[in-house]
Amino acid sequence: MKKVSIFVLITILAIFFSACGKSEPEVGGIPVPDVRGLTVPNAIQQLNEAGFTNIETTGNGDVQDNWIVSSLNHEPGENVSPDSKLVLTCNWICHLYVDVKSEANLLFAKYDIVIYIDGVELGTVPNGERYTHLSDLFDGKHTIKVAKAGDDSVHGSYNIEMNGDMAFSCIVGHSKSSIDLKEIEVKEGLTEIYLTVPDVTGMVLSDAMSILKEAGFTNVREEPYREIWDKRNWTIISQGIKAGDTIDRNTLFELNCKKTTEIIEDALKAMSIPEIEEYAKENGFSVKYENDFGGDITDRFYTFPEDERNEISIVSVFVVSDRIVVVLSDDVYLLDPDFKEEETGDLGGVYYSTNSEETVKNGNAGIYSYKNAGKSYQQYFIIDFDEGYVYYFMYGEGSISGDKLKIESGNLNDSLKITYHTEDGDWSNYLHFHYKDNPQRLILTDNDGLETEFIPTSIDAALKLKEEYKFVEY
């Protein structure tokens, strides 16, 4: 934000006053010092030192020591008798905060606008943007003018009487041949303009945004920008402006955020099983244990001696809603080898499908379940030929929303086509076995030709997880 130079303003006033009431130079007098821009005591002292003793001050009210001399009844440098009366016109300095928002014109009248105060240019506002400015002005009347860049005949103006610090704001509507100042607001004082930054680090983003909005901050942006859909699921890890600083309410204030579940997961990954369970107890989470097939082994896990189960290695930890999911390594099979034998599905087929070992190779009927396990979350595909839909969702990412896509054509041995139909356009993905008649690997080929590999996972566990999600049909 820029400031108008006091010198420029004094110069403008000096030109105006000097044009009025000029007096003829006195022969044998002494030159009048230029005391414009000085405080009253400094001006009087300089005039006394030059030999002038008959000095009078005038202004809009009782002149104070901190007022500034804006003009005098004799021109600087003019020879004047030491006995002549010198009248100093004095003003106090006021601060005017200007906040102008240009309405965005998408097709016509997309021109910039220029802001002036008393004919002095402050700056240019691009179409659709905002401009703020703090000016130092003398008390009294001033004119704010907003004009079309390059064509001063298209303009709008507003007169303001300054009797202290003030704030002016408006929205500028503009057409090809006119400018309209709308929603004009003038307030005394600047207490609502300059705000003290609070400490919102560690707060849930939605709560912090409410606090900052209520406090008057108007330009708050979260990072990662335009990637945050539900502010309740994110936590602020740092803020761009230090707490305690005083800033213009329109200053860009960035909040660096991270998904709350990721913050919790980062902490949990450094914990042992007893520490995870203690954390869950203190923070209102339940704990679920899974094996690497995605099967729920929580009940069986607690049947083992505590010292043995606490020695099992952890593969990954996810947070879903109010549940902590701990995926255990193959060490769990050393405690109970029957775990693997229980991985056949309760629906009567192989563990990842409702099909038998023979029919599962056909890839054209029943239900299949696959997953791709990343470091922070797992991607699931449930391919339901019975319903004619493919379900896709991510587990451990923090969301309970998934995609529901109609099977348009094909099968898993050739290529099964699914298409996203959105407002921005349509695009298709394809699913197929890595090798024909071999369902042990599923390949996703996306619209850009990129391939991702998925492995079979427990259909019982996948369908149970599916019940927790809300699916959007494309």
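Points to keep in mind about this one:
- At least 2 residues being under 27 Å from Q378 (Cβ atoms), of a type outside the set (D, E) and at pLDDT below 90 is the threshold, and among the helices (runs of 4 or more DSSP H) wholly inside the range 214-325 those reaching it are 260-268, 298-301.
- Failed item, numbered, when G189 is tested on (1) surrounded by fewer than 17 Cβ atoms within 10 Å (Cβ to Cβ); (2) under 25 Å from T260 (Cα atoms): (2)
- Test: residue in the range 364-382 that is surrounded by fewer than 19 Cβ atoms within 10 Å (Cβ to Cβ), without any contact (Cβ under 8 Å) to a residue 60 or more places away in the chain, charged (D, E, K, R) and farther than 30 Å from A267 by Cα: no
- Flag if N159 is loosely packed, with under 12 Cβ neighbours inside 10 Å, touching a strand residue (DSSP E or B) at 6+ places or on another chain (Cβ under 7 Å) and not assigned by TED's automatic domain parsing to the domain that holds I247: yes
- A single member of G77, G128 is without any contact (Cβ under 8 Å) to a residue 40 or more places away in the chain and out of contact with any Gly (no Cβ under 9 Å at 6 or more places or on another chain), and it is G128.
- Qualifying residue in the range 138-156 (condition: surrounded by fewer than 15 Cβ atoms within 10 Å (Cβ to Cβ) and at pLDDT 95 or above): yes
- Looking across the range 149-170, the residues that are within 24 Å of A109 (Cβ to Cβ) and in contact with an Asp or Glu (Cβ under 8 Å, 6 or more places away or on another chain) come down to A149, G156, F168, S169, C170.
- If you go through the range 181-209 and keep only what is without any contact (Cβ under 8 Å) to a residue 24 or more places away in the chain and among the polar types (S, T, N, Q), you end up with just T191.
- Taken over the range 91-109, the criterion of being surrounded by fewer than 17 Cβ atoms within 10 Å (Cβ to Cβ) and under 26 Å from the mean Cα position of the chain (by Cα) is satisfied by E103, A104, N105, L106.
- Among the residues of the range 105-115, some residue qualifies, meaning at least one is in the same structural domain as A147 (by TED's automatic domain parsing) and in contact with a Leu (Cβ under 7 Å, 6 or more places away or on another chain).
- When residues of the range 422-436 are limited to those that are in contact with a strand residue (DSSP E or B) (Cβ under 9 Å, 6 or more places away or on another chain) and over 23 Å from L463 (Cβ atoms), the one modelled with the lowest pLDDT: Y435
- The lone exception for T201 - which of (1) surrounded by 14 or more Cβ atoms within 10 Å (Cβ to Cβ); (2) over 30 Å from G244 (Cβ atoms) it fails: (2)
- Scanning the range 431-470 for residues that are in a strand (DSSP E or B) and in contact with a Ser or Thr (Cβ under 6 Å, 6 or more places away or on another chain) turns up H432, L444, E451, K470.
- Among the conditions (1) farther than 23 Å from G37 by Cβ; (2) without any contact (Cβ under 8 Å) to a residue 24 or more places away in the chain; (3) touching a strand residue (DSSP E or B) at 6+ places or on another chain (Cβ under 8 Å); (4) of a type in the set (D, E, K, R), K110 misses just one, which is (3).
The values are calculated or read from the model by the stated rules, or taken from the named source; none is laboratory data. Note that this is a predicted model, so its numbers are computed, not measured. Positions of Cβ are backbone-derived with ideal geometry, glycine not excepted, and every protein chain shown enters the neighbour counts.
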